[in-house]
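The values are calculated or read from the model by the stated rules, or taken from the named source; none is laboratory data. These figures come from a predicted structure and were not determined experimentally. For neighbour counting, all protein chains shown are included, and Cβ atoms are generated from backbone atoms with ideal geometry for every residue, glycine included.
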Amino acid sequence: MAVVIDGAEIARRVKERVASGVAELEKEKGVKACLSVILVGDDPASISYVTGKEKALAEAGMADRSVRLPADVSQEELLALIAELNEDDSVHGILVQLPLPGHIDSRKVIMAIKPEKDVDGFHPVNLGNMVIGSRSFLPCTPHGVIKLLREMEIPTDGADVVIVGRSNIVGKPLSILLSRRDYNSTVTLCHTGTRNLADITRRADILIAAVGRPGFITADMVKPGAVIIDVGTTRVPSTATKSGWKLKGDVDFDNVAPKCSYITPVPGGVGPMTICSLMRNTLLAAKRAIYTL
Ligand code: NAP
């Protein structure tokens, strides 16, 4: 049976380190690291992500300048708010919760955030710097996955890594990060155009699923002893919870776990690490603004 990676516990430890960094900065410079999370509309999943981020901000002792806007807010109003926050020296990080309503162009919105406040790491300047290994904010979920591997002392050097899913926020940046010299993996990035997917996933020392299809990775797709990282989080109906839904990962956990060496659960695996990376990036943004490192 695999070791189940306790992402929540690892995240708790990382958050403690971030919280002491926040306290230190406040003591030395009198400045509280501050994040502004902008939520547009009332999509239940987005509300729950934003609530989780606000809770983490409070736990880390950071200032919270979150803003909630109605679903029919115009793109111009949203861009004006971002411009205002860009110029506000007391705000160090800005995050716009995605997805945005259809009448708003997400790319324009991401481009409007100053790269030095883009703590989500989605701005092309940050993504470009990540590619060439220059200073940037790393996107939170890919960074969270790498942090999990590091904290569990799972070697990436020379490992065959297979990632299923090539989104701009998870699979693609993670493939670039892991293939950088500092992590030194050989990465294969799979998607709907991939032929013989199971043949490829079975070669993986580390298999990362970011597909958004519950139970997609089955036991026959996994090499014995592989490390399995499940990024997927899909809400499925459940009679066992008060909310009427529960989160399911992309991996058929019950059948895959007996076969692999390490596995992340859903929930309690990658999710908490994503929030940690956001806190870490916000502290970093505050320090860079103050010390102009
Ligand atoms: P996404 O934009 O939804 O894209 C899904 C990816 O999976 C696409 O690249 C798609 O390929 C690929 N895919 C879909 N069906 C496939 C199939 N049958 N075979 C091979 N590839 C297939 O991805 P995302 O935004 O990265 O989200 C993925 C999952 O991660 C979701 O469940 C999301 O909720 C979760 N997530 C979790 C966190 C966290 O913090 N835990 C953070 C972000 C996302 P094509 O490109 O060819 O369409």
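A quick yes/no check of all residues on (1) crowded, with 23+ Cβ neighbours inside 10 Å; (2) hydrophobic (A, V, I, L, M, F, W, C):
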site	(1), (2)
Met130	no, yes
Asp157	no, no
Val162	yes, yes
Asn184	no, no
Pro237	no, no
Ala240	no, yes
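Within the stretch 151-167, residues that are within 13 Å of Arg203 (Cβ to Cβ) sit with their Cβ atoms under 8 Å from residues that are more than 16 Å from the ligand (Cβ to nearest atom) and of a type in the set (Ser, Thr, Tyr), at 6+ positions apart or across chains, in these pairs: Ala159/Ser185; Ala159/Thr186; Asp160/Ser185; Asp160/Thr186; Val161/Ser185; Val161/Thr186. Scanning the stretch 182-205 for residues that are more than 10 Å from the ligand (Cβ to nearest atom), farther than 14 Å from Val161 by Cα and modelled with pLDDT of 95 or more turns up Arg195, Asn196.
Of a type outside the set (Gly, Ala, Ser), surrounded by 22 or more Cβ atoms within 10 Å (Cβ to Cβ) and away from the ligand (no atom under 16 Å from the Cβ): is that true of Leu278 in this structure? Answer is no for this residue. Residue count for the stretch 206-250 under the criterion of being within 11 Å of the ligand (Cβ to nearest atom), under 18 Å from Asn196 (Cα atoms) and part of a strand (DSSP E or B): the result is 3. Picking from residues in the stretch 1-55 that are small (Gly, Ala, Ser) and surrounded by 21 or more Cβ atoms within 10 Å (Cβ to Cβ), the one that is nearest to Val256 (Cα to Cα) is Gly7. When Gly133, Gly102, Gly121, Gly93 are checked against the criterion of being of a type outside the set (A, V, I, L, M, F, W, C) and free of Cβ contacts under 8 Å to residues at least 40 places away in the same chain, Gly102 stands alone in meeting it.
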